[in-house]
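Chemist: Let me begin by handing over the structure; questions about it come next.
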Amino acid sequence: MSDDIVIKTVATKPYLDQMPGTSGLRKKVPVFQQENYPENFIQSIFDVSGDVKGKKLVIGGDGRFYNDQVIQKAIRLAVANGFGHVMIGQNGILSTPAVSNLIRKYKALGGIVLSASHNPGGPKQDFGIKYNISNGGPAPEKFTNAAFERSKVIDQYLTVETSDIDLSQIGKHQIGATTIEIIDSVADYAEMMEDIFDFDAIRAYIQSGFTLQFDAMHAVTGPYAKEIFEKRLGAAEGSVINAVPLPDFGGQHPDPNLIYAKGLYDLLMSDNAPDFGAASDGDGDRNMIIGRGMFVAPSDSLAVLAANAHLVPAYSAGLKGIARSMPTSCAADRVAEKLKIGMYEVPTGWKFFGNLLDHQMATICGEESAGTSSDHVREKDGLWAVLLWLNILAVRRQSVADIVNEHWRHFGRNYYSRHDFEGVDTEVANKVMQRLRGELASLAGTSIDGQTIEKADDFAYHDPVDQSVSAHQGIRILFDNGSRIVVRLSGTGTTGATIRIYIERYEADEDKLALDTQEALAELIAIAEKIIQVKAITGFETPTAII
Ligand code: G16
């Protein structure tokens with residue numbers, strides 16, 4: 001391609017809605033299709049990134065509808081803004097943890113991930129742009145706030161006139177002073193996984209007859225899972241299902257939970273169950289773990305993984321600390337206490353783990369929303385979590401159910417559930433939160449149905465590293481017996497508001513460890529409605545999702 005490029009300055013008008021949520025900017029595709037909409041946002045990111053001249057940028061996405069077109073726009077903007085080297089996954093495919101790894105490994109200034117995570121894809125569905133900084137993690141609030149401010153006043157962006165880059169062929173292109181490199185989407189990531197885990201042990205376990213099924217949900221992890229589970233670890237062909245990324249994820253929500261991965265769940269509960277089942281989401285950062293006959297809730301998974309991580313090569317020296325998001329159950333806290341290591345509670349959003357990981361305060365992090373990861377990258381990592389389970393299983397040679405039951409006998413069980421009220425009118429949702437905030441001061445010390453509230457607050461996080469304060473991160477109602485009710489508004493939806501209510505109760509009695517979760521929490525669920533009045537105010541009779 002020619003060296004003479006003409007950089008064009010395009011006049012544009014700001015859109016006022018480009019505020020990133022919990023995980024980047026997420027909107028419906030038609031919103032992103034408005035004139036200059038993605039360009040405005042990407043230019044705003046570059047504008048607040050300091051000097052980008054000659055720097056490296058990683059670009060990839062989960063393959064959803066509009067992915068390829070925004071990649072071409074991003075390439076033109078990157079060239080015009082003076083980046084020296086742009087690395088792009090083949091066919092535009094890169095999982096979120098793979099982007100995090102590439103940024104760190106190749107010392108890039110940052111990375112653009114085109115994904116709306118577990119939200120559905122297609123011409124009328126969701127799209128998103130996330131930006132990760134040079135530590136490989138999601139841009140912190142300071143950065144996203146600055147980008148948002150910039151987007152509100154932006155009046156021009158830079159681009160070049162050039163033909164589309166063929167994303168299907170691995171290789172290099174030169175546009176002006178910028179090298180555009182199409183890379184193998186999987187190779188670097190798979191290599192990193194081989195460095196962390198004992199692939200020989202897992203391979204031997206699989207050879208001995210251990211069976212697994214991984215559902216890639218027609219999203220980004222298909223090619224990664226094929227390479228790792230089937231090719232490198234020797235799982236039978238067909239162990240990875242829905243392995244081809246599709247722009248509309250086959251019309252499904254690529255959300256690995258009991259609602260959208262019900263087929264996998266049913267298989268694992270059936271007579272034909274393999275030993276192990278797992279799934280990941282749109283962009284490959286979430287995970288779902290199901291043993292034969294046993295679903296492992298994400299909060300429990302974090303606790304079990306933390307308690308057993310020392311069995312795996314990369315963590316054999318032990319963990320430095322564990323971190324979880326505030327609404328995640330306290331099961332991991334009991335592990336940290338036993339291991340005598342630090343335990344950190346941060347707001348929802350992976351960006352809050354960045355400082356703890358960078359400063360070796362935490363090694364493993366996790367969230368109730370099905371994200372788990374470690375200090376190997378600065379994102380949550382779905383396949384890493386699956387491999388950690390597999391490596392532990394290969395060492396312990398016990399079933400998932402036996403390991404989890406043993407864990408509960410040892411540490412007690414944190415019964416836990418999330419009740420979502422989706423598609424609530426935003427004003428009504430705000431009313432629920434405002435009313436509750438107004439009640440907080442009077443809640444402490446009161447008893448409801450025989451349960452005493454010890455503390456009620458609006459969670460504010462004081463980052464121990466940079467001393468920044470993030471306020472209003474969700475309401476916590478803490479009972480004197482360790483039970484908790486947490487309420488917050490989701491930051492990832494694209495339609496109306498979602499109220500999430502998280503309910504948790506600790507049980508140490510060995511005879512009460514196998515109760516049905518909703519039954520075990522029934523009393524607390526009733527108390528939650530009395531305090532929050534979500535049904536009364538919204539008019540919803542039941543949650544739209546119980547997870
Ligand atoms: C994002 C964030 C996570 C967060 C999750 C749920 O995940 O990266 O840290 O826990 O959203 O957020 P909310 O409860 O606000 O909907 P993802 O996988 O969507 O990028």
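The values are calculated or read from the model by the stated rules, or taken from the named source; none is laboratory data. Just so we're clear, the structure is a prediction, and the values are computed from it rather than from any experiment. Neighbour counts are summed over all protein chains in view; Cβ atoms, including those assigned to glycine, are modelled from backbone coordinates with ideal geometry. Areas reflect the complete protein model, heavy atoms only, side chains present, ligands, DNA and RNA absent. Shrake-Rupley method; radii C 1.70, N 1.55, O 1.52, S 1.80 Å.
Chemist: Hey, can you tell me all the residues within the stretch 477-497 that are open to solvent by less than 30 Å² (accessible area, probe 1.4 Å) and assigned to a strand (DSSP E or B)?
Modeler: Ile477, Phe479, Arg484, Ile485, Val486, Val487, Arg488, Ala497
Chemist: So which of Gly234, Gly284 ends up being outside any helix (DSSP H, G or I), within 16 Å of the ligand (Cβ to nearest atom) and either of a type in the set (Phe, Trp, Tyr) or out of contact with any strand residue (DSSP E or B) (no Cβ under 6 Å at 6 or more places or on another chain) (or both)?
Modeler: It is Gly284.
Chemist: For the stretch 375-400, which positions are more than 15 Å from the ligand (Cβ to nearest atom) and open to solvent by less than 20 Å² (accessible area, probe 1.4 Å)?
Modeler: Those that are more than 15 Å from the ligand (Cβ to nearest atom) and open to solvent by less than 20 Å² (accessible area, probe 1.4 Å): Val386, Leu387, Leu388, Trp389, Leu390, Asn391, Ile392, Leu393, Ala394, Val400.
Chemist: When Gln434 is evaluated against the numbered criteria (1) more than 16 Å from the ligand (Cβ to nearest atom); (2) touching an Asp or Glu at 6+ places or on another chain (Cβ under 8 Å), which criterion, by number, is the only one it fails?
Modeler: Going through the list (1) more than 16 Å from the ligand (Cβ to nearest atom); (2) touching an Asp or Glu at 6+ places or on another chain (Cβ under 8 Å), Gln434 breaks only (2).
Chemist: Can you name the number of the only condition in (1) in contact with a strand residue (DSSP E or B) (Cβ under 7 Å, 6 or more places away or on another chain); (2) open to solvent by less than 10 Å² (accessible area, probe 1.4 Å); (3) of a type outside the set (D, E, K, R) that Ile183 fails?
Modeler: (2)
Chemist: Identify, from the list Gly438, Gly423, Gly412, the residue that is more than 17 Å from Ala514 (Cβ to Cβ), in contact (Cβ under 8 Å) with a residue 40 or more places away in the chain and not charged (D, E, K, R). Lay out the reasoning, then the answer.
Modeler: Values: Gly438 fails: in contact (Cβ under 8 Å) with a residue 40 or more places away in the chain; Gly412 fails: more than 17 Å from Ala514 (Cβ to Cβ).
Result of the check over Gly438, Gly423, Gly412: Gly423.
Chemist: Taking the stretch 502-527 as the search range and keeping residues that are in a strand (DSSP E or B) and in contact with a helix residue (DSSP H, G or I) (Cβ under 6 Å, 6 or more places away or on another chain), which one is least open to solvent (accessible area, probe 1.4 Å)? Quick ask: steps written out before the conclusion?
Modeler: Here is the first cut: in the stretch 502-527, the ones in a strand (DSSP E or B) are 502-507.
Imposing the further condition that a residue be in contact with a helix residue (DSSP H, G or I) (Cβ under 6 Å, 6 or more places away or on another chain) reduces the set to 503, 505.
Working: Ile503: 2, Arg505: 54 Å².
Looking at residues that are in a strand (DSSP E or B) and in contact with a helix residue (DSSP H, G or I) (Cβ under 6 Å, 6 or more places away or on another chain), I get Ile503.
Chemist: Pick from Ala98, Ala146: which is hydrophobic (A, V, I, L, M, F, W, C), in contact (Cβ under 8 Å) with a residue 12 or more places away in the chain and in contact with a strand residue (DSSP E or B) (Cβ under 9 Å, 6 or more places away or on another chain)?
Modeler: Only one candidate passes the filter, namely Ala98.
Chemist: Here's a check for you: in the stretch 460-476, which residue that is out of contact with any helix residue (DSSP H, G or I) (no Cβ under 8 Å at 6 or more places or on another chain) and of a type outside the set (Val, Ile, Thr) is least open to solvent (accessible area, probe 1.4 Å)? Don't jump to the end; show me each part of the working.
Modeler: First, the residues of the stretch 460-476 that are out of contact with any helix residue (DSSP H, G or I) (no Cβ under 8 Å at 6 or more places or on another chain): 460, 462, 467, 469, 471-474, 476.
Now narrow it down to the ones that are of a type outside the set (Val, Ile, Thr): 460, 462, 467, 471-474, 476.
Numbers: Ala460: 41, His462: 120, Gln467: 130, Ala471: 51, His472: 126, Gln473: 35, Gly474: 3, Arg476: 28 Å².
Checked the stretch 460-476; the qualifying residue least open to solvent (accessible area, probe 1.4 Å) is Gly474.
Chemist: Another question, if that's okay. Within the stretch 127-166, can you find the residues that are closer than 18 Å to Gly92 by Cβ and either modelled with pLDDT of 95 or more or open to solvent by 50 Å² or more (accessible area, probe 1.4 Å) (or both)?
Modeler: Residues satisfying the conditions are Phe127, Gly128, Ile129, Lys130, Tyr131, Asn132, Ser163, Asp164, Ile165, Asp166.
Chemist: For Gln156, all conditions in the list (1) closer than 24 Å to Ile290 by Cβ; (2) assigned by TED's automatic domain parsing to the domain that holds Met87 hold save one; what is the number of the exception?
Modeler: (1)
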